[in-house]
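Remarks on the structure that follows.
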Amino acid sequence: MHVGLPQTINSGHGEIIQFKECIQEPDGARLVFEGIVQPGCGPIFHVHLCQAEGFEVRQGTMAYQVPGLPVQYLAEGEVTVFEKNVPHKFWNAGDTELILNSWAKPAGNLQRYMTILFLSTSKRHSNTPALFDAAYLTIQYKGEFDVLEIPRPVKSLLFPAVYWVGRMFGLYRKYEIDTSRR
């Protein structure tokens, strides 16, 4: 699987991300991307364990929440940053497209993770990935991302078994890094 820049991915359920560039800065790489989110859509509670994530609203109204705190709203031109290890979710709280200028730092594996996630969700009738893909994402990127709405026993018992079966049947070869294009 080759992941280059720029790259546009579509969840199939109201979210489009265009990864634009990766800027090398003295203290690490910053991945810059644009998000287009349809009304009522957005990711569920998740956490970036290694990176901060910033958003600036270019158009529309963004609602966001951190566990234990009330819902907050951002209008055009307003900005928020979720530091690493801060669980959060956001969604389009308006009636028109929400357009976001976004970044993640350090870049880490965010582009690969989101590409695999959206490849899976775009083929389904729901915005959740298929079982084998969910297991792959959870196991492969457990040190970088976590989805809080997946019960802990599923992540610690079921997903490792599903991941092992997926490996045995070669289901994850499609996600291997294509080094021939480098």
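Descriptive notes on the structure:
- Qualifying residue in the stretch 22-41 (condition: assigned to a strand (DSSP E or B), in contact with a Pro (Cβ under 6 Å, 6 or more places away or on another chain) and not hydrophobic (A, V, I, L, M, F, W, C)): yes
- Against the list (1) in a strand (DSSP E or B); (2) aromatic (F, W, Y); (3) closer than 25 Å to A134 by Cβ, the condition Y113 fails is (1).
- Qualifying residue in the stretch 60-67 (condition: touching a residue at least 60 places away in the same chain (Cβ under 8 Å) and surrounded by 14 or more Cβ atoms within 10 Å (Cβ to Cβ)): no
- Residue check, Q111 buried (at least 18 other Cβ atoms within 10 Å of the Cβ), at pLDDT 95 or above and among the polar types (S, T, N, Q): yes
Results for (1) touching a residue at least 60 places away in the same chain (Cβ under 8 Å); (2) under 12 Å from the mean Cα position of the chain (by Cα), shown as yes or no for each residue.
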| site | (1), (2) |
| --- | --- |
| K89 | no, yes |
| L100 | yes, no |
| N109 | no, yes |
| M114 | yes, yes |
| L117 | yes, yes |
| K123 | yes, no |
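- Failed condition for L171, given (1) part of a loop (DSSP other than H, G, I, E, B); (2) closer than 23 Å to E15 by Cβ; (3) in contact with a helix residue (DSSP H, G or I) (Cβ under 8 Å, 6 or more places away or on another chain): (2)
- Flag for A135 being of a type in the set (G, A, S), surrounded by 21 or more Cβ atoms within 10 Å (Cβ to Cβ) and part of a helix (DSSP H, G or I): yes
- Options L100, L148, L119, L69: the member that is in contact with a strand residue (DSSP E or B) (Cβ under 8 Å, 6 or more places away or on another chain) and assigned by TED's automatic domain parsing to the domain that holds G12: L100
The values are calculated or read from the model by the stated rules, or taken from the named source; none is laboratory data. The model shown is predicted, which means the values in this text are computed figures rather than measured ones. With ideal geometry, Cβ positions are generated from the backbone for all residues, glycine too; neighbour counts draw on all protein chains shown.
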